[in-house]
Structures are given as structure tokens and as C-alpha cells.
Amino acid sequence: LSGYPEQARARIGQALAIGRESPQSIRYAITLYFAAMLHHYLGEVEEVRLRAEEIKSLSTAYGFAYYLAAALMFEGWALAAHGKVAEGADQLRQGLEMRKASGHRLFLPYELGLLAEACVMGQDAAGGLGVLQEALAVADRTGERVWQAELLRLQAELLAVQGAPAVEIEANCLQAIGVARHQMARSLELRAGITLARRWQAA
């Protein structure tokens with residue numbers, strides 16, 4: 001998120017190599033989860049799908065229910081990115097329900113963001129904005145704001161789908177840029193800036 005994707009690739013590669021030495025460990029499931037997050041952020045759909053398969057296999061074998069839910073969500077996102085948006089969104093919702101049932105809330109804003117992104121793909125403004133409202137509320141409640149800038153950017157995208165006034169869309173983009181800049185998350189700042197530039201170009 002600081003703007004060094006190749007360093008992130010190198011680090012996750014090292015972590016996966018260590019994790020494969022004890023493939024039955026929950027630590028390996030955690031590492032696969034972060035690998036899927038990285039590939040998702042980089043838009044590497046097939047890599048996300050492959051990591052999801054690994055997480056699902058490991059979690060099924062060793063009863064890691066928390067990470068089985070994550071596998072379903074990453075698979076759902078990959079399906080949506082491959083054009084099977086309705087199927088992918090349904091799977092994302094299934095994974096989110098499993099996650100919530102476990103009682104865990106760590107990374108929930110991020111995972112709700114995956115569903116919101118699928119809603120952007122499917123041009124489902126109403127559904128996506130509702131998901132983002134929940135995600136931002138969870139972030140406010142828990143203080144987990146690592147993905148807040150991206151949630152705000154996605155909100156701008158969905159407001160555009162909805163046909164909201166340009167000033168409202170722009171305000172979301174500017175807020176996303178401000179949050180990312182405060183967090184020194186340069187790649188999130190760039191994404192929000194690109195979204196804003198596209199809105200200006202379309203106006």
C-alpha cells in the first residue's frame with residue numbers, strides 16, 4: 001500500500017516458502033490469505049483464484065473455518081472479475097455470512113469491500129452502497145481503517161453508477177485521497193486520484 005508492489009511480492013514469496021515447510025499450520029493459511037490480498041490488489045485474478053483453492057483445501061483438511069470463509073470470498077471475487085458477477089457476488093455473500101457467524105471481525109471492512117467491488121462490476125449501485133455503509137461503519141467501530149481510502153473510492157464509483165451529482169462523487173474521491181495521504185498509502189492515493197481524473201474527463 002506504500003507503493004512498493006515488487007517488494008511486497010518478494011516478501012510474500014519468502015513467507016510462502018517458509019509456510020510450505022509446515023503446510024498443515026494455520027500460519028500457512030494466514031500467509032495464503034495475505035498472498036490472495038496482494039494478488040487481489042494487483043488485479044491478478046488467476047493468482048487470487050489459485051490462492052483461494054489452496055486456502056480452501058487447507059482449511060477443509062484442518063478445520064480452519066475462518067479461512068474457509070475467506071477462500072469462498074476470494075473465489076467469489078475472482079468469479080466476478082471473470083464476468084460471472086451474480087455468481088461471484090452470491091459466493092461473496094456466503095463467505096461473509098460464514099465470517100460473521102464465526103464472531104471474528106478482523107479484516108471485515110476489506111472483505112465487505114470485495115463485495116462492493118463486485119457490485120461495481122455488476123453496476124449494482126444500491127446493493128454496493130449498502131455494503132459500503134456497513135464496511136465504513138465497521139471501520140469506525142473497530143478502528144480498522146487500513147482499507148478506508150479504497151472503500152471511499154469504491155463509494156465514488158457506485159455513486160457514479162447511480163447518477164449522483166458530480167460534486168458528491170468528487171467529494172468522495174477527495175476524501176479518499178486525503179485519508180490515503182494521511183496514512184502514507186501512496187498506491188491507494190494514486191487509485192483514488194485516477195478515479196477522480198476519470199470523473200473529470202467524463203464530465
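For the chain, what number results from the quotient of the Cα radius of gyration and 2.2 N^0.38 Å?
On the way: Rg = 16.8 Å, N = 203, 2.2 N^0.38 = 16.6 Å.
Relative to the rule-of-thumb radius for its length, the chain sits at 1.01.
Taking the highest mean first, how do the peptides 151-161, 174-184 order by number of other beta carbon atoms within 10 angstrom per residue? Walk me through the intermediate numbers first.
Numbers: 151-161: 23.6, 174-184: 17.4.
Ranking the peptides 151-161, 174-184 by packing returns 151-161, 174-184.
To the nearest 10 degrees, how steeply does helix 166-183 sit against the main Cα axis of the chain, on a 0 to 90 scale?
With rounding to tens, the tilt is 50 degrees.
Helix-only estimate, please: 222 nm mean residue ellipticity of the chain, summing -39500 (n - 2.57) across DSSP H runs of length 4 or more and dividing by its residues, to the nearest 500.
Helix-only estimate at 222 nm: -27000 deg cm²/dmol.
Just to confirm the filter: which trypsin sites (Lys or Arg not before Pro) across region 98-151 are DSSP coil and have at most 14 other Cβ within 10 angstrom of their Cβ? Intermediate values should be presented prior to the final figure.
Numbers: sites: Arg99, Lys100, Arg105, Arg141, Arg145; in loops: Arg105, Arg145.
Of the trypsin sites (Lys or Arg not before Pro), the ones in loops of region 98-151 whose Cβ has at most 14 other Cβ atoms within 10 Å are Arg105.
Mind putting a number on the dipole of region 95-203 about its Cα centre? Charges go on the C-beta only, +1 for Lys and Arg and -1 for Asp and Glu, and I need it in Debye to the nearest 20.
280
Looking at the P(r) of region 1-89, how many percent of alpha-carbon pairs lie beyond 18 Å? Present the calculation step by step, with values, prior to reporting the outcome.
Working: 1687 of 3916 pairs.
Percent of Cα pairs beyond 18 Å in region 1-89: 43.
Kindly provide the pair-distance distribution of region 116-200 built from C-alpha pairs, with 5 Å bins from 0 and whole-percent values in order of increasing distance.
3, 17, 26, 26, 20, 7, 1
With angles folded into 0 to 90 degrees, how steeply does helix 125-142 sit against the dominant principal axis of the chain? Use alpha carbons for both and round to 10.
Long axis of 125-142 versus the principal axis of the chain: about 70 degrees.
Would you be so kind as to identify which of Leu114, Tyr4, Tyr62 lies farthest towards the positive end of the dipole of the chain, taking Lys and Arg as +1 and Asp and Glu as -1 on Cβ and the Cα centre as origin?
Tyr4
Of all GluC sites (Glu not before Pro) in region 166-203, which ones are in loop regions per DSSP and have a Cβ with at most 15 other Cβ atoms within 10 Å? Walk me through the intermediate numbers first.
Working: sites: Glu168, Glu170, Glu189; in loops: none.
Taking region 166-203 and a limit of 15 other Cβ atoms within 10 Å, no loop GluC sites (Glu not before Pro) are found.
What Kirkwood radius, in Å to one decimal, follows from the Cα pairs of region 20-137?
Values: mean 1/r = 0.0713 Å⁻¹.
Value: 14.0 Å, from the Cα pair sum.
Measure nothing but the geometry: give the 0 to 90° angle between the long axis through the Cα atoms of 108-121 and the longest principal axis through the Cα atoms of the chain, rounded to 10°.
60
For the pair Gln162 and His182, how long in nm is the line joining their label points, each one 7 Å along Cα→Cβ?
Spacing of the two 7 Å Cα→Cβ label points: 2.2 nm.
Values quoted throughout were computed directly from the atomic coordinates according to the rules given, and no laboratory measurement underlies them. Note that this is a predicted model, so its numbers are computed, not measured. Virtual Cβ from ideal backbone geometry, glycine too; neighbours counted across all protein chains shown.
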